[in-house]
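The values are calculated or read from the model by the stated rules, or taken from the named source; none is laboratory data. A quick note: this is a predicted structure, and the numbers were derived from the prediction, not measured. Using ideal geometry, Cβ is built from the backbone for each residue, glycine included, and neighbour counts are taken over all protein chains shown. These accessible areas exclude ligands, DNA and RNA; they are computed on the full protein's heavy atoms, side chains included. Shrake-Rupley method; radii C 1.70, N 1.55, O 1.52, S 1.80 Å.
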Amino acid sequence: MIKTTLDIARTSTGKSLRTEEMVVNMGPQHPSTHGVLRLEVVLDGEIVVDVIPHIGYLHRCFEKHCEHMTSYQQVIPYVDRMDYVAAMTNEMAYVVAAEKLLKIEVPERVHYIRIIMAELQRIASHLIAIGTFGIDMGAFTPFLYYFRDREKILDLFEMTCGARLLYNYMWIGGLSHDLPPQFVEKAKQFCVDFKKTMKEVNDLLNYNEIFIKRTANVGVLPKDLAINYACSGPMLRASGVDFDLRRDDPYTLYNKFEWNVIVGKGEVGVVGDVWNRNMVRQNEMWESVRIIEQALATLPEGDVKKAIPKRIRPTPGDAYGRVEGPRGELGFYIVAEDSVTPFRIKARAPAFVNLSVINEISKGAMLADLVAIIGSIDIVLGEVDR
Amino acid sequence: MTAQEIHDIIKAQFSDAVLEVKIEGARDPFIKILPEKIKDVAQFVRDHAQMKFDYLMCLSGVDYKGKLGVVYHLYSLTHGHKIVLKVEVSTDTPNVPSVESIWKSANWHEREAFDLFGIHFEGHSDLRRILLPDDWEGHPLRKDYEVPEFYNGMKVPY
């Protein structure tokens with residue numbers, strides 16, 4: 001069992017150092033909460049006794065809006081706005097669920113392009129996650145490097161669908177249109193450049209002594225607790241659970257490519273701590289580049305749209321589709337009635353579920369470490385609040 | 001394990017709690033459970049050595065017009081199989097036992113279902129609104145919900 005700061009403080013003097021508890025509100029407007037999150041923190045001196053998260057400041061009634069659409073396609077732009085730093089993956093999750101509901105298979109080229117887009121998006125999202133996490137830890141420079149690289153991905157998205165943040169590119173039954181000419185060359189060039197800069201930044205941030213001191217052994221999430229809280233994505237894998245939906249519950253053609261699932265090994269600190277969560281993200285980007293390179297090399301020719309009726313009217317029933325987003329398991333539960341409008345859509349947002357564990361892993365940490373813990377969970381409040 | 005085998009084990013243990021089952025033709029095979037028994041069934045499927053449903057993927061509230069439902073999407077990290085459990089309660093007395101003590105992830109999902117549907121989860125440790133403000137009236141995802149004219153003096157419909 002790892003000793004918390006509170007334990008050490010108590011035992012080192014031989015008597016209890018317990019003082020009067022104080023409640024501090026962190027947020028909703030606080031730079032380290034990555035959006036509008038309010039944490040009610042109960043402090044004993046500088047030591048966190050309890051954390052009560054208050055969410056909902058960005059609630060935009062996504063699920064209510066969906067019930068008032070006139071078609072299933074119309075939901076896609078709303079899905080974009082849930083997790084606004086990984087809009088491609090959100091679209092992918094929704095169309096996977098909708099295609100499961102409609103029982104349709106898409107052409108092979110569509111699968112390949114979706115994989116390329118989803119993996120580019122994963123890199124872009126992880127770049128933000130690690131970059132802003134660096135800022136939280138007092139390292140500003142890596143942030144600039146990461147955003148420089150992210151910009152190149154956004155350029156690729158822009159040449160594909162005209163938008164840099166909210167794409168509306170993946171449609172039910174295919175894509176809105178094919179890849180533009182030169183996309184493949186530019187994406188290949190990006191992979192080459194990115195591998196170079198990745199190494200540079202890795203040395204700059206992740207093995208920096210100050211960074212390690214701030215993050216190793218902090219906010220440890222044990223394996224069984226992570227599973228019980230249904231944590232997913234890098235959060236779960238950093239705790240030593242070898243589970244990735246791309247491999248273990250295939251929803252597209254990922255098993256055609258060679259890649260590895262990254263699991264936290266505890267080379268610095270212990271498995272499940274803040275450093276390992278960050279490192280899993282860092283290493284996942286390498287794997288994403290590998291997948292993109294293979295997909296680009298073997299991109300098949302063909303159609304990018306399946307002929308489906310304009311007015312989609314699924315047979316009554318329900319389906320739950322899930323994909324591995326940058327933050328974890330992103331699922332959509334769709335209930336269909338005999339209508340062209342979705343009867344009910346529930347979004348299972350990974351950040352929402354991952355955030356619920358914060359109380360358990362912050363107890364006994366210092367207030368400054370709480371900032372590290374929030375950063376390592378990688379929350380996007382648009383997705384938490386929907 | 002197939003959905004049929006999972007159903008057979010649950011049926012053998014809780015013969016009176018299984019109300020309906022749909023495997024053929026369903027996108028996700030589901031078993032409908034008597035609401036009062038859901039906690040016992042949940043405990044059973046999590047601890048049973050052959051099933052080991054240790055991962056609650058999603059918990060959703062649904063308004064079926066006149067009835068409210070809760071849908072549990074379960075997954076087993078050990079065995080890699082899935083099952084869906086459903087319960088249905090009347091709109092007037094929407095009481096469902098909480099499964100928070102079995103899967104901690106249910107905590108926030110149940111709070112959300114309470115917030116948006118008004119489903120009361122018995123035995124939940126902290127059943128408060130989660131997405132909407134504490135003083136919001138009504139449960140917006142119910143099909144008979146009417147948008148209020150004003151909220152704290154602010155006009156709501158725009």
Equivalent-ellipsoid semi-axes of segment B:3-155, from the Cα gyration tensor, Å, largest first: 31, 16, 13
Residues of segment B:87-131 buried by at least 30 Å² on assembly (accessible area, 1.4 Å probe, chain alone as reference): B:K104, B:S105, B:W108, B:H109, B:E112, B:R128, B:I130, B:L131
For chain B, built as a Gaussian network whose Cα springs stay under 10 Å, the top-fluctuating residue of B:V147, B:V62, B:V70: B:V147
Probe 1.4 Å, all protein chains present, accessible-area order of A:W259, A:W275, A:W286, largest first: A:W286, A:W259, A:W275
Separation between Cα centres of segment A:202-261 and segment B:84-158, rounded to whole Å: 32
Peptide-level mean, for A:343-356, of C-beta atoms on other protein chains within 10 Å: 4
Exposure rule at most 15 other beta-carbon atoms within 10 Å, DSSP loop GluC sites (Glu not before Pro): chain B longest free segment: B:25-136
In Hz, Karplus ³J(HN,Hα) per residue of segment A:84-96 (6.51, -1.76, 1.60; θ = phi - 60°; x = Gly, Pro): 6, 9, 9, 5, 4, 5, 4, 4, 4, 4, 5, 5, 4
Cross-link pairs A:K64/B:K39; A:K223/A:K346; A:K186/A:K265 - those with Cα-Cα distance over 31 Å: A:K186/A:K265
At least 50 Å² accessible surface lost relative to isolated chain, residues of segment A:190-234 (1.4 Å probe): A:I227, A:N228
Estimated 222 nm signal from helices in chain A, with DSSP H stretches of n ≥ 4 weighted -39500 (n - 2.57), rounded to 500: -14500 deg cm²/dmol
Residue-averaged beta-carbon neighbours from other chains (10 angstrom radius) around B:73-86: 2
Accessible surface of chain A, 1.4 Å probe, proportion on carbon and sulfur as whole %: 55
Nearest-ten-degree value, helix A:274-297 long axis tilted from longest Cα axis of chain A: 20
Label-point separation in nm, B:K65 to A:M22, each point 7 Å along Cα→Cβ: 5.7
Loss of accessible area when A meets B, both sides summed, Å² nearest 100, probe 1.4 Å: 3600
With Cα atoms, 0 to 90° folded angle of helix B:106-117 axis to chain B main axis: 50
Rounded to whole Hz, the Karplus (6.51, -1.76, 1.60) HN-Hα couplings of segment A:205-214, x for glycine and proline: 10, 5, 9, 5, 4, 5, 4, 5, 4, 7
Of all accessible heavy-atom area on segment B:3-155, the percent that carbon and sulfur account for (1.4 Å): 48
Environment charge at B:Y151 (Cβ cut-off 9 Å; Lys +1, Arg +1, Asp -1, Glu -1): -2
Under 11 Å, Cβ to Cβ, from A:Y254 - net charge with Lys/Arg +1 and Asp/Glu -1: -3
Dipole in debye (nearest 20) - the protein assembly as shown, about Cα centre, beta carbon charges: Lys, Arg +1; Asp, Glu -1: 760
Difference of contour (0.36 nm per residue) and Cα-Cα distance, A:D249 to A:S71: 61.3 nm
Neighbour-limited loop hits for trypsin sites (Lys or Arg not before Pro), segment A:287-324 (at most 11 other Cβ within 10 Å; DSSP other than H, G, I, E, B): A:K310, A:R311
Efficiency of FRET between A:E267 and B:E137 - r from beta-carbon atoms, R0 51 angstrom, step 0.05: 0.45
Principal-axis tilt of helix B:38-47 within chain B, Cα atoms, nearest 10 degrees: 50
Interface residues, segment A:310-335 - accessible area loss of 40 Å² or more versus chain alone, probe 1.4 Å: A:D318, A:Y320, A:R322, A:Y333
Accessible area expressed per residue, the protein assembly as shown, with surrounding protein chains retained (probe 1.4 Å, Å²): 39
3J(HN,Hα) from dihedral phi, segment B:48-64, Karplus parametrisation 6.51/-1.76/1.60, rounded to Hz, x for glycine, proline: 5, 4, 7, 9, 6, 7, 8, 10, 8, 5, 7, 10, 10, x, 9, 9, 8
Cβ-based net charge around A:E105, under 9 Å, with every Lys or Arg adding one and every Asp or Glu removing one: +1
Exposure of B:I9 as accessible area (Å², to 10), given a probe of 1.4 Å and all protein chains: 40
